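Chemist: Please find one structure pasted underneath; my questions will follow.
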Amino acid sequence: MAGTGEAGGTRRPVALWVVTRTVLLLCVFKVFTVPGPDVTSDVSVIYQGWYEVLRTGTFPLDDITWQYPPAAALALLSPALLPFLGYTSAFFVLAFLADTVVMGLLLYAGRRPGKRLAGAWVWVAGVPLLGPTAYARYDVMVTAVAVAALLAGARRPRVLGALAAFGALLKVWPLLLLVGAPRGRRARSAGMAAAAGLAGLMVLFCATMPGALAFLTFQRERGTEIESLGALVFHAARHFGWRGQVLLNYGSVEFLGPYVPVVSTAAMALTALAFGWLLLWRVRAVEFAASTPCDAAFAALLLFTTTSRVISPQYMLWLVGLAAVCLVFRGSRMGAPARLVLAATGVTFLEFPIWFSHVVSSDWLGVLLLTVRNGLLVAATLMACRRLWQQTVSGPRARAQRPLPAQRAADTERELLAS
C-alpha cells in the first residue's frame, strides 16, 4: 500500500511536468506565440553566432557581449551533439533534457527516507512561471549542474566540489554552493575538489582556446540593467526630469547617464556587504543540519542576485532550482522564501517578455511590475537569511544556554527548600 501511495504521489508532479513542458516546447518552437520580444532570438542569433566562432577553437574576442566563463563554450557548442537538427532546435531539445534531468534528480531524492517531493513540485511550477525564456537560455543547464552538486554533496563532498567548480566555469554563481558545507573534513574535501577542478579546467581552456579570460574585462564594464533593484532609482527619476537614456549596452538593456556609475558602485558595495554577512554567518554558525548546505546556498544566491547590477529574467531559474533542492529536505525552513521566489518568477514573466515595453518606457505599469518583483526578491532574501541565522546560530546558542530538565527540577527544588 505504501508503494502504491508513493507511486501516486510521484505521478501527479510528473503529469503536470509533462503538460507544462509540452506547452513550453510549443512556445519556443513558435507554435504558440507569447506577446512581447522574441525570447528565442538569443539562441538563433547570439548563441549561434558565438557557436560559429567557438567551433574554430577560439573565444569571441571581438564581441564585448561575451561575458561568460570559459566552460560556457561547452553549453553553446552542445547542439553539435544533435547534428540531425538545426542549431536552434537542438538547443531547445537539450534545454528540455536538462530540465528532465533536474526533475529526475528531485524525484529520486524526494522518495528517499527523510526526504519529500515538495522540491519536485517547486521545479514543476517554477520553470513554466518564467515562460519560454526558461528554454531560450543556457541557464537551465547550469542549474542542472548545481542541483546535482547539492544533492550529491550530502554524501559525497568531493562531487559537490567538482561540480561546483564546473558550474562556476559555466556561470560563476555555482561557487556559492560551497558556502554551507559543514566544517571539518567534508568542507576541506569539497574545497580541495573545487580548487583542483577550477585550476585544472582553467589551465585546459587557457592552453587550448585563446581568450579564455576575456570575459573578466567585458563583465567589469557592465552598468545598471533596467530590471535590477538599483534601476528603480532611475525609473522613478525619469518622471522628475532625469536626463538619461535606456540603451542596449554590453548585451543588456541598461540605463546610461548622470549618477548611473554611482548606483552601480552602490550595488557592488551592497554585494560586498552581503558577502561580509555570509562570512560572519559562516564563522558564527554552530549547528549544521542535513538541509543547511542547501539552505545556505539558497540564501547566498538570493543575496548575490538581489544586490546585483543585473537581474536578467533567467536568473530566476537559479533561484527556483536551489529552492527546489532546499524543499527536498524535511528540516528545511526555506518554504516561505521559496514561495516568494515562485511569485517573483511569475511576475518576471509579466515584465519580460509580455510587458517589457512598459519597463523600457518606465511607465506606471513597468515600474509597478519591477517594484513588486524586486520587492518579493528582497523579502525572500531577508527571510531566508533570518531563518538560516536562527536555525544555525541563535537557535542552537539559545538551546545551549537553556538548563536541562533535570537541572531545572533541581533548581526548582532548591528554591522551594529555600523558601
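The values are calculated or read from the model by the stated rules, or taken from the named source; none is laboratory data. The model shown is predicted, which means the values in this text are computed figures rather than measured ones. Here the Cβ is made from the backbone with ideal geometry for all residues, glycine too, and neighbour counts use every protein chain on show. With ligands, DNA and RNA removed, areas are computed over all heavy atoms of the protein, side chains included. Shrake-Rupley method; radii C 1.70, N 1.55, O 1.52, S 1.80 Å.
Chemist: Restricting to helices (runs of 4 or more DSSP H) lying wholly in the range 1-116: which have 1 or more residues that are over 30 Å from GLY223 (Cα atoms) and under 23 Å from the mean Cα position of the chain (by Cα)? It would help to see each step written out before you state the result.
Modeler: On the way: elements: 2-28, 48-54, 72-77, 87-110.
In the range 1-116, the matching helices (runs of 4 or more DSSP H) lie at 2-28, 87-110.
Chemist: Just the residues that are open to solvent by less than 50 Å² (accessible area, probe 1.4 Å), modelled with pLDDT under 95 and within 23 Å of the chain's Cα centre (by Cα), please, taken from the range 203-229. Full working, then the answer.
Modeler: Step one: list which residues in the range 203-229 are open to solvent by less than 50 Å² (accessible area, probe 1.4 Å), which gives 205, 209, 211-212, 214-215, 218, 222-228.
Cutting the leftovers down to modelled with pLDDT under 95 gives us 205, 209, 211-212, 214-215, 218, 222-224.
If the condition is that a residue be open to solvent by less than 50 Å² (accessible area, probe 1.4 Å), modelled with pLDDT under 95 and within 23 Å of the chain's Cα centre (by Cα), then PHE215, PHE218, ARG222, GLY223, THR224 are the ones that fit.
Chemist: Could you please find all residues in the range 357-378 being among the polar types (S, T, N, Q), crowded, with 16+ Cβ neighbours inside 10 Å and within 24 Å of the chain's Cα centre (by Cα)? It would help to see each step written out before you state the result.
Modeler: Just the residues of the range 357-378 that are among the polar types (S, T, N, Q), to begin with: 357, 361-362, 371, 374.
If we keep only those that are crowded, with 16+ Cβ neighbours inside 10 Å too, we end up with 362, 374.
Listed by number, the list holds a single entry, ASN374.
Chemist: Would you be able to tell me the number of residues in the range 379-404 that are touching a helix residue (DSSP H, G or I) at 6+ places or on another chain (Cβ under 8 Å), open to solvent by less than 50 Å² (accessible area, probe 1.4 Å) and in a helix (DSSP H, G or I)?
Modeler: Qualifying residue count, the range 379-404: 9.
Chemist: Residue check, LEU301 against (1) surrounded by fewer than 24 Cβ atoms within 10 Å (Cβ to Cβ); (2) under 15 Å from the mean Cα position of the chain (by Cα), all met but one. Which one?
Modeler: (1)
Chemist: Is there a residue being part of a loop (DSSP other than H, G, I, E, B) and either among the hydrophobic types (A, V, I, L, M, F, W, C) or on the phi < 0 side of the Ramachandran plot (or both) anywhere in the range 261-284? Spell out the reasoning first.
Modeler: Of the residues in the range 261-284, the ones part of a loop (DSSP other than H, G, I, E, B) are none.
No, every residue in the range 261-284 fails to be part of a loop (DSSP other than H, G, I, E, B) and either among the hydrophobic types (A, V, I, L, M, F, W, C) or on the phi < 0 side of the Ramachandran plot (or both).
Chemist: Can we say LEU232 is closer than 22 Å to GLU351 by Cβ, over 18 Å from the mean Cα position of the chain (by Cα) and hydrophobic (A, V, I, L, M, F, W, C)? Walk me through how you get there before you give the answer.
Modeler: On the way: closer than 22 Å to GLU351 by Cβ: yes; over 18 Å from the mean Cα position of the chain (by Cα): yes; hydrophobic (A, V, I, L, M, F, W, C): yes.
Yes: the conditions hold for LEU232.
Chemist: Hey, another quick one. Starting from residues that are open to solvent by less than 40 Å² (accessible area, probe 1.4 Å) and aromatic (Phe, Trp, Tyr), keep the ones in the range 117-151 and report whichever is farthest from the chain's Cα centre (by Cα).
Modeler: TYR135
Chemist: Right, something else. Looking at (1) in a helix (DSSP H, G or I); (2) open to solvent by 70 Å² or more (accessible area, probe 1.4 Å), can you tell me which one ALA236 breaks?
Modeler: Failed condition: (2).
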